[in-house]
């Protein structure tokens with residue numbers, strides 16, 4: 001209970017009939033994160049009181065007193081204290097003294113321990129807090145809006161000699177608002193790559209519905225209330241479908257006034273069953289307006305902006321309907337402003353996670369990666385049901401980093417006999433407070449598989465809760481101290497035993513307690529020939545975890561076998577349609593789309609999908625930082641980085657985690673290998689054909705006209721570029737030149753000068 005301020009206050013209360021003034025104290029600890037470009041830039045603490053906050057105060061460092069609505073500078077840092085609705089108050093602390101000029105410059109940062117004291121007639125009953133960092137240091141350093149659960153700030157109850165220690169319940173992070181922006185264009189009715197085209201094979205839309213049902217169920221399971229008070233029942237999900245028409249989904253039980261976002265609630269399956277029901281209604285048809293889907297999701301949130309917003313965008317194609325996501329004059333991606341959001345995506349302060357699902361060549365992977373890069377999201381490119389399940393699991397981990405969810409295990413296999421499968425070990429350490437085990441398989445097969453989980457002593461483990469979807473079985477176990485050790489799991493046949501062969505993915509999520517880690521790859525925008533730095537920052541209980549054993553952090557790097565641009569450059573086809581056409585399903589096909597369609601559906605993914613290339617070990621650099629380099633980026637395309645954290649040492653016990661990142665390596669045009677050919681049409685007209693290629697022989701390929709630029713220095717006018725054959729040869733036309741005068745043209749490809757050319 002609280003300590004009142006003794007006799008004088010008691011006397012004044014009695015004489016003047018004022019409420020008793022009481023206080024509780026705590027220390028805000030902001031640890032160093034080990035990355036000067038992403039040190040903590042803001043901490044938000046919400047205190048829930050037992051009465052209206054009127055008249056309450058916050059005392060910082062023992063001498064700075066803030067009333068409700070105040071913002072002060074204390075020891076070079078910014079502190080604000082404000083009402084937050086109902087009986088809540090919000091403390092916002094920005095450790096500005098750790099930064100020099102912007103939030104990417106914290107090279108002289110220090111750990112912060114800030115003494116705080118709540119003063120008021122009210123009692124603090126519970127609190128939540130979230131930590132924020134710069135989202136994308138390569139893009140913007142002026143704002144911090146990416147909430148993070150690795151090495152977060154913490155609140156430490158402490159008696160400061162004036163007031164007793166805070167005794168409120170820690171409810172964990174603040175709630176999250178998520179909008180699922182899902183493609184329903186006509187191409188979603190096509191079969192997924194590698195599935196064949198028989199009637200019993202699933203379409204991309206069917207796989208998406210199955211994957212999203214499991215995604216919702218996994219989130220529902222991992223974020224159930226914890227025994228120590230964590231509670232996230234106010235998390236919300238909204239759904240927006242897009243083709244050429246944008247359709248926000250009105251969900252049963254959703255919050256007014258928009259009726260789009262529905263809260264999780266406490267029950268299972270609870271209100272989020274409305275999300276799954278809505279997604280199951282998705283019917284493909286129409287063209288592809290990625291920008292329209294993003295804008296509508298943000299517009300709907302603005303109607304009722306309850307919590308921090310994130311977006312998950314899933315698409316199988318290339319945008320072909322306005323509004324288009326395209327570079328603003330600044331060079332960063334933008335959309336027409338909507339509902340008070342600015343045009344540039346990076347300035348909207350909303351992380352966008354992207355998944356490009358379908359034929360790799362048919363997805364604008366560069367656009368997907370850049371959307372996520374500029375908005376602090378992650379981006380994946382699955383090509384099958386199994387990889388989509390894996391990537392949605394990884395996306396869930398990224399979304400919940402504010403709650404330190406992690407992936408402990410991923411295993412692919414196929415059930416062929418009567419089962420069960422061989423046992424797979426699950427290493428459970430004392431950091432895990434909850435374990436969610438899932439097995440998932442592709443539609444249309446229903447109820448085909450199930451799980452059998454065993455404790456370290458070999459006894460069968462009964463789940464604390466469980467869910468089943470048509471293509472998933474999910475079991476949840478709350479981990480107690482005696483549960484630490486090596487568990488095992490077998491996949492067994494489910495109710496439907498008639499299917500002879502069922503490929504599946506088996507995965508395990510942990511809700512963390514002690515372990516924090518984050519992985520990154522620099523540079524964020526890589527080009528062929530670049531050396532990539534893979535970095536991990538690891539902490540235990542908020543402190544750097546140094547001197548881990550050799551081989552504790554390993555990264556398996558996957559590299560594509562061929563460059564897509566080179567493949568497409570070498571393919572010639574006669575396109576009689578010319579221009580953009582429309583499919584029977586209503587989607588639009590550009591000349592590029594039609595060219596890709598001429599390639600074998602199964603062979604192209606195999607040629608460009610990254611495969612295991614080399615494994616590197618991350619070396620200890622001190623302060624919990626581990627690094628390794630990779631310089632064999634001689635092929636353009638998508639690279640995979642599969643990290644394994646695996647060690648056994650006294651401070652932590654045996655720990656094992658896995659995580660996957662993906663990175664695009666773009667073609668870096670080389671002046672010596674880029675062909676520039678000029679042709680005189682008449683005395684005043686010249687064409688300049690540019691075929692970009694790097695020093696390794698990779699062609700840029702088609703679809704990159706937006707990054708091939710030419711400038712005419714002198715009299716005349718320049719138009720283009722046009723890639724009529726979809727080979728990656730970009731043709732400019734210089735007209736109205738002085739008669740028989742050679743034009744002076746400066747050419748750049750993705751910012752790289754390839755020279756000035758004259759005929």
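Any read-out appearing in this document is the output of simple, stated calculations on the displayed coordinates, not a laboratory observation. No experiment lies behind these values; they were computed from the predicted model shown. Cβ sites come from the backbone with ideal geometry, for glycine too, and all protein chains shown count toward neighbours.
Here the simple spin-label model places points 7 Å from the Cα toward Cβ, and for residue 111 and residue 619 these points are separated by 2.7 nm. Ordered from longest to shortest, the equivalent ellipsoid semi-axes for the chain are 47, 33, 25 Å, each the square root of 5 times a Cα gyration tensor eigenvalue.
Please give the contour-minus-distance gain from residue 606 to residue 75: 0.36 nm per residue of separation, less the Cα-Cα distance, rounded to one decimal in nm. Could you put the intermediate results ahead of the total?
Numbers: separation 531, 0.36 × 531 = 191.16 nm, distance 5.80 nm.
Contour length minus the Cα-Cα distance gives 185.4 nm.
Centre-to-centre separation between the Cα atoms of region 436-455 and those of region 312-340: 37 Å.
The C-alpha atoms of the chain define a longest principal axis, and helix 365-375 lies at about 30 degrees to it.
Can you tell me the 0 to 90 degree angle between the C-alpha axis of helix 385-399 and the longest principal axis of the chain, rounded to 10? Once rounded, the angle reads 50 degrees. Note on residue 322 and residue 366: the model spin-label points, each 7 Å out from Cα along the C-beta direction, lie 2.3 nm apart.
Helix content alone sets the calculated 222 nm mean residue ellipticity of the chain: runs of n ≥ 4 DSSP H residues at -39500 (n - 2.57) each, divided across all residues, give -4000 deg cm²/dmol.
By average Cβ neighbour count within 10 Å, what is the ranking of 95-102, 438-445 from highest down?
Highest mean packing first, the order is 438-445, 95-102.
Ordered by the count of other Cβ atoms within 10 Å of each Cβ, fewest first, 505, 203, 486 give 486, 203, 505.
For region 495-595, the percent of C-alpha pairs falling in each 10 Å distance bin, counted from 0 to the bin holding the largest distance, reads 9, 20, 19, 23, 20, 8, 1.
Between residue 571 and residue 228, the simple label model (points 7 Å from Cα in the Cβ direction) yields a spacing of 5.3 nm.
Dividing the convex hull volume of the Cα atoms of region 175-403 by its residue count, what figure in Å³ per residue is obtained?
113 Å³
If you wrap the tightest convex hull around every Cα atom of region 3-170 and split its volume per residue, you get 110 Å³.
Computed from Cα positions, the angle between helix 204-222 and the longest principal axis of the chain comes to roughly 20 degrees.
Centroid-to-centroid, using Cα positions, region 165-195 and region 708-745 are 46 Å apart.
Can you tell me the FRET efficiency between residue 486 and residue 281 if r is taken as the Cβ-Cβ distance and R0 is 60 Å, rounded to the nearest 0.05? Taking R0 as 60 Å, the efficiency between residue 486 and residue 281 is 0.90. Compute the Cα gyration tensor for region 405-512, then decide on rounded, prolate or oblate, letting a ≥ b ≥ c be the square roots of its eigenvalues: rounded whenever a/c is under 1.5, prolate when a/b is larger than b/c in the other cases, and oblate in all that remain. Here region 405-512 falls in the prolate category.
Quick one: work out Rg over Rh on the C-alpha atoms of region 314-461, Rh as Kirkwood radius.
Result for region 314-461 is an Rg/Rh of 1.08.
A straight line joining the Cα centroids of region 627-646 and region 501-579 runs 6 Å.
Whole number please: convex hull volume per residue, Cα atoms of region 675-757, in Å³.
Dividing the Cα hull volume of region 675-757 by its residue count gives 81 Å³.
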